[in-house]
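The values are calculated or read from the model by the stated rules, or taken from the named source; none is laboratory data. What you see is a predicted model, and the numbers here were worked out from it, not measured in a lab. Cβ: placed from backbone, ideal geometry, glycine included. Neighbour counts: every protein chain shown. These accessible areas exclude ligands, DNA and RNA; they are computed on the full protein's heavy atoms, side chains included. Shrake-Rupley method; radii C 1.70, N 1.55, O 1.52, S 1.80 Å.
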Amino acid sequence: MEQRGNDAPGSRLQAVGGNPSPGASSLQPGTALPLPLYIRGKVRDVYDLGDFLLMVASDRVSAFDHVLPTLIPDKGKILTQISAFWFEQLWDVVPNHIVATNVDDFPLSLQPFNAALKGRSMLVKKTKKLPVECVVREYLAGSGWKEYQETGEICGVRLPPGLRESDRLLEPVFTPATKEEGGKHDENISFARFAEIVGKETAEVLRDRSIALFIKASRLADRQGLILCDTKFEFGILNGVITLIDEILTPDSSRYWEKSLWEPGRSQNSFDKQFVRDYLESIHWNKQAPAPALPEDIVQKTRAKYMDAYQRITGKPF
């Protein structure tokens, strides 16, 4: 799928990525490609193609800041296709880094890897990544609920007293966080600290655009019978322009609830990997390496939840 407002891969892309290795077409999902590695995250492997990056979403799953040894089949494809859907829906709010998400539009040097890349990869423009996460919340849950209970605030934003878990806020609230690498836990920060990191003017633009993205996405989710509780966006600078990057609005970066089942005063069931977290809690794992393997029923329930999220969000069968 080509993204509006972005340049399609041109002739100068045809040489990037180096020469393909023999047997490349036999690569399996999550297997390292014989390309220069830019960064390896918990779920995504990103390869350096010069002015462009190749983002590949594996079927790995993480919980409590650890990558588990068990894969969730099709998870990488589902996350990539949800991101592609949202980039298409939100291109008019903020420019994004997408060049192509269809492997047929990738440079010729990547064609031998089509089987491994199809459905789970995005070719994107390289940007100067900003070291922050732009979190927007409209409901009180997760770390925001925990912080509110302790201080009556989230990231320095004072909220009304007496709110319950999962209550809807008066308006979307911008609650930034640090962006930590190497498995470190991201930390909620105040807007003042956020501005110190990226600069006051940039901080204000990021806040306003994050909220605008959230509002449009929330309205679209509402039409599908979903509540977008909270999400996080990441941005980079490309030719001096603030650009939306990474993945967006997937169950790994966002909290979606079933609108018809929303009931403030308790935690809500989310369209994400909660089955994984619940299982790990049930076996009393100490959250230290090595992480335990998952039983087949938890794998299948988690896969089904991700598939359901895709179908509900996009309105299309997976």
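Values as computed for the structure displayed
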item: Between 0 and 90°, nearest 10: helix 142-151 axis offset from the chain longest Cα axis; result: 30
item: Per residue accessible area in Å² of region 177-301, where ligands, DNA and RNA are left out and the probe is 1.4 Å; result: 50
item: Overall Cα dimensions of region 189-318, principal axis frame, Å, largest first; result: 49, 39, 34
item: Tail fraction, Cα-Cα pairs, region 116-171, threshold 14 Å, whole percent; result: 63
item: Alpha-carbon Rg/Rh ratio, for region 53-211, with Rh computed the Kirkwood way; result: 1.02
item: Rounded percent of accessible protein surface that carbon and sulfur make up, region 241-315, 1.4 Å probe; result: 49
item: Rounded percent of accessible protein surface that carbon and sulfur make up, region 50-113, 1.4 Å probe; result: 53
item: Semi-axes of the equivalent ellipsoid for region 50-118, Cα gyration tensor, largest first, Å; result: 23, 18, 11
item: Ellipsoid equivalent to region 94-188 - semi-axes via the Cα gyration tensor, in Å; result: 39, 14, 13
item: Region 234-318: trypsin sites (Lys or Arg not before Pro) in DSSP coil with no more than 16 other Cβ atoms inside 10 Å; result: R266, K287
